[in-house]
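Worksheet: the structure to be examined is printed underneath.
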Amino acid sequence: MDNQNINIEILYLTINDYQELKQAMIESYLNMPGSFWKEHHIEKLLNIFPEGQVVVKANGQIAGCALSIITTQNRIENPHTYREITGNYTFDTHTREGDLLFGVDIFIKPEFRGMRLGRRLYDFRKELCENLNLKGIVFGGRIPNYHKYSTTLSPKKYIEKVKSKEIEDPVFNFQLSNDFYPVRILKNYLEGDVLSKEFAVLLKWDNIYYEKRSLKTQANKRIVRLGLVQWQMRPYRNIEDLMEQAEFFIDALSGYKSDFALFPEFFNAPLMAKYNNLSEPDAIRKLADYTLTIAQEFSKLSVSYNINIITGSMPEMIDGNLYNTGYLCRRDGSVERYEKIHVTPDEDRVWGLKGGNKVKTFDTDCGKIGILICYDVEFPELGRLLADDGMDILFVPYLTDTQNAYSRVRYCAHARAIENECFVAITGSVGNLPKVQNMDIQYSQSMVFTPCDFPFPVNGIKSEATPNTEMMLISDVDLDLLAELHSFGSVRNLKDRRVDLYSVRGANN
């Protein structure tokens, strides 16, 4: 299914969802006719453990479901069948005094597969497991490709070959990729599972926080993982090659559970090489033809990889004028646009770029963010306007050719972190583009800056990349430290402003 403009939600299951849920189960288990839960089964689960039953919806339509109960370590240690572990499908085996979350069922409708929605359901279960302070998650995993090899391989050998990538089993591989590990083979596990020859693998995920009960009494911390792409400028034959490289970084950052992926300003400039015979203004306007397509592809990737993507910036033609713009592609499928407010003298003289006029913050599932493109961060008024609107993290995609140009962006960005009591993440491109006019060389050292006070690094640098090297920079920031700083910092730049003497206001105000 095309996941362009899709709104993704994880919601608690209700009994009113049953008829749609039933149809989704039927479509998901076509190779196991009649395999769907009856209404009384769902009603029982909702009565005994409502917080363990969730659906993932796409544009309001059920795309998948995860059902769970709580069981005990003793119950799963011995060989058992699916019928036994669920109490003959009555779920009387559920106990609030248990220490393991048992996965009763999880499925994604065929039309929604490939969007990594199953990963979201697994992530929900992991978070639930941590919140309930359970030891881990267990379930019997099907091996639906085993029937192809059952005459020559034992289940154990089959599992070994799947793990070594000699055999493809999409279900088992998916479970392994979500940090589950095999405990033992279960024989005669699920009645009627002819594809698995009724074998299953007992899979487990360990909650590493289980014994740290003291942490549960502390206030919840909003830890956000930032992923910065320090992009290498290199020739690309076409837009497909460019997006293949972009997806590589997004895939890697998603694998490290990053909440954001930040790309640099004009990262797509290599596509101008085929227009090098044109004048510089005409070449960049040709580049602008790719912008909406790239933004749409990024939106698809943000949903598929469950990561918020800040697309850096790209040229875009609007009503006959050329702007420097970018897109925030949220992982729930929503998209918003931002603009570069201040164009540099070179951008004006060579390309005829126009400055935008939209200054705003963006709400995300990881706090409120601001985005300023390169030169914009050198104007402190913009950062202050965003801070007054509640910004927690400022993202700055940039493109600088020389080290002194980079230093202007770097030190101004650091100042914005201190004066506005926020985190600031900056990233740019490295390398050279000999076949693209006005884009000859690039210099970059990606960084994450913090305020300078006791909870933060003494130099205000949370992390920094190797200069002029293609790489990713991954950094965790704690938003609750900002809240503490606002009220209890050694100095309080936001609170101590003399608004009786001065103020910064946007034109719209």
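The values are calculated or read from the model by the stated rules, or taken from the named source; none is laboratory data. None of these values were measured; they are calculated from a predicted model. Methodologically, a virtual Cβ is constructed for each residue, glycine included, from the backbone with ideal geometry; neighbour enumeration extends over all protein chains shown.
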*Considering residues of the stretch 329-349 that are out of contact with any helix residue (DSSP H, G or I) (no Cβ under 9 Å at 6 or more places or on another chain) and either of a type in the set (A, V, I, L, M, F, W, C) or surrounded by fewer than 20 Cβ atoms within 10 Å (Cβ to Cβ) (or both) only, the residue farthest from residue 261 (Cα to Cα)*: 349
*asked:* Checking the structure you have, find out if any residue of the stretch 308-316 is under 12 Å from the mean Cα position of the chain (by Cα) and among the hydrophobic types (A, V, I, L, M, F, W, C).
replied: yes
*Could you list, in sequence order, the residues of the stretch 237-287 that are crowded, with 17+ Cβ neighbours inside 10 Å, among the aliphatic types (A, V, I, L, M) and in a helix (DSSP H, G or I)?*
242, 243, 246, 250, 253, 269, 271, 272, 273, 283, 284, 287
*Out of all the residues in the stretch 292-307, is one or more under 18 Å from residue 429 (Cβ atoms) and aromatic (Phe, Trp, Tyr)?*
yes
*When only residues in the stretch 413-442 that are touching a Ser or Thr at 6+ places or on another chain (Cβ under 8 Å) and among the small types (Gly, Ala, Ser) count, which is surrounded by the fewest Cβ atoms within 10 Å (Cβ to Cβ)?*
417
*Looking only at residues in the stretch 288-314 that are β-branched (Val, Ile, Thr) and outside any strand (DSSP E or B), which one is surrounded by the most Cβ atoms within 10 Å (Cβ to Cβ)?*
311
*In the stretch 27-53, how many are among the aliphatic types (A, V, I, L, M) and modelled with pLDDT of 95 or more?*
4
*Could you look through the stretch 36-53, keep only residues that are touching a helix residue (DSSP H, G or I) at 6+ places or on another chain (Cβ under 8 Å) and assigned to a helix (DSSP H, G or I), and pick out the one that is farthest from residue 128 (Cα to Cα)?*
39
*For residue 469, which of the numbered conditions (1) in the same structural domain as residue 277 (by TED's automatic domain parsing); (2) within 18 Å of residue 384 (Cα to Cα); (3) touching a residue at least 60 places away in the same chain (Cβ under 8 Å) fails to hold?*
(2)
*With respect to residue 122, is the statement that it is closer than 20 Å to residue 51 by Cβ, part of a helix (DSSP H, G or I) and of a type in the set (Ser, Thr, Tyr) true?*
yes
*Of all residues making up the stretch 350-366, the number that are basic (Lys, Arg) and either crowded, with 18+ Cβ neighbours inside 10 Å or within 13 Å of residue 322 (Cβ to Cβ) (or both)*: 1
